[in-house]
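Visitor: Before I ask anything, here is the structure I am working with.
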Amino acid sequence: MTTPPPFFWVKFGGSRPAEVSTEGCRNIDGFIDRVKAKMSPKLDGYSAVDINIYTKDPAKYQPLRPGLALTDLASQTGFVQNDDEHPLIVAVATQDLNERSVTFEAAVLAKLAKLEQIHLSTAPLVEDFLPAAFVIGGHLFKECWKESCFDRLGFHKIDDPRNGLLLFKPFEYAFDNSQICFEYSAEQRIFTMRILDSSLRELTLREYIQREKEIEQNVLQKRESWLSKFEMNPSYSQDRVSELMGYVDGLLVLLEQPFSAFEGRGFMELQRKCYSRCLSFQAMMAKRLAVEEGWISLEEAAESSESMWSDLENKKRDQILAWVQTLDSVAQGRIDISDD
C-alpha cells in the first residue's frame, strides 16, 4: 500500500471510538497531532510527545514508534483490523504528569486553605466540607495555553498554585472538559456556574462519576465502608468518627444532586483581577467549543458576554481577543504584549 487509509478508528479512555483523518500524515508522530485535535479537549492538557498509540491494550503491547509509516501500521503486532470495534488505543505517559499533578494539587490546597496538613476542605459550589482526597486543584489557565501564561498572568510556570481553582472532582472534570464554565456577573460581583453540555443537566453527580471512568470512583463507596475505615483507625476517638461521618453523610447527599441544582450557584470574585480574567477567558473558550459541539447556539454563547469583563479586563480585551484568533486545536500561538 503506497498511501495510508483515509482514516483510522481511535479510542481514548472511556470515550467512544472516533474516526481520525490521516490526511497529510506520513507517520505516527504526525497522526498523533491529528488525534490530539480530534479529541480536544480530552487531550488538551498533554503535550504531543506524551501521547502514545497502541494496536491493543497498552498494558500488554508496546507503543507504536513515532517514525512508523502509517502504511506499515497493519503489519504491527496486535493489529488485526481497524474499525469502531477494534480501534487503535490512545494512552498518555502519566508518571511524571501524575507526580506533577499531585504536587500542584497539594500546593493549591495549601495556598487556598492556608493549612500545612489538610484532612478536610471546602470548595466553590459546595456548602460543606469534603474529604480533601476528592477535592482537586484544577488549572484556571489551561495546560494547552502554558506558553502564554507569563504574558497573560505573570506566572513563570503553569503549575503556579495561584493558577488553581479548588473544585470537587466531578466539577473539575466537567470544567476541564468545557462542559461547564463560570461566568462573571459585574452586577453581583461573583462568578456563577453555567452548564454548557445539556446532557449533564439532569445527571446526578454520582451518575456522572460512574459515566466518566477517569474520575476516581472511591468517592462512591458506601457509608458502611467509610465507617469501617474510620473505626479501624486507632488514632480516631468515637467523637472524631462521629464528626467525620457527619461529613460523609453530607457527601452522600451531595452525590445525589443533579448538575442543574448547582447552575447559577456562585462564589465571590477572586481577589486578583488577573485570576478573574482567567475564568472569564476559560468561559469564552468553553462556549466556543460548546457551539462547535452543538451544545449551545451562537445566540446562547453570546449571552452575558459583556459582563465577563471587568474594567481592568476591558483595557486588555483587544489584546486578548487578538491572541485568541491565533489559537487552533493543535497549536497555540504566542503574542508578546506589555502588561500595563
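The values are calculated or read from the model by the stated rules, or taken from the named source; none is laboratory data. Since the model is a prediction, treat every value here as computed from it, not as a measurement. So basically every Cβ, Gly included, is an ideal-geometry build from the backbone, and we count neighbours across all protein chains shown. The protein model used for the area step is the full one, side chains on, heavy atoms only, and it has no ligands, DNA or RNA in it. Shrake-Rupley method; radii C 1.70, N 1.55, O 1.52, S 1.80 Å.
Visitor: Under the rule of at least 5 residues apart or a separate chain, name every residue whose amide H is placed under 5 Å from the amide H of F7.
Guide: It is T22, by chain and number.
Visitor: Post the alpha-carbon centroid distance, the range 34-74 to the range 1-33, in whole angstrom.
Guide: If you average the Cα positions of each part, the centres end up 9 Å apart.
Visitor: Assuming 0.36 nm per residue, please report the length gained on full extension of the stretch N218 to S235 beyond their Cα-Cα distance.
Guide: So the extension gain works out to 3.9 nm.
Visitor: Over 21 Å between C-alpha atoms is what I'm after, so list which of K38/K287; K56/K169; K11/K36; K36/K60; K42/K213 land there.
Guide: Long pairs (Cα-Cα over 21 Å): K56/K169; K36/K60.
Visitor: Moving on. For a quick check of understanding: with a 1.4 angstrom probe and all protein chains in place, what accessible area in square angstrom does E216 have, to the nearest ten?
Guide: Roll a 1.4 Å probe over it and E216 shows about 70 Å².
Visitor: Under 17 Å from the 7 Å Cα→Cβ point of Q62, by amide nitrogen: which residues of the range 19-33?
Guide: 28-29
Visitor: Extending each Cα 7 Å along its Cβ direction at R16 and S47, get the distance between those two points in nm, one decimal.
Guide: It is 3.4 nm.
Visitor: Right, next: I'd like the FRET efficiency for A69 and R288, computed as 1/(1 + (r/R0)^6) with the beta carbon distance as r and R0 of 25 Å, rounded to 0.05.
Guide: Efficiency at R0 = 25 Å is approximately 0.10.
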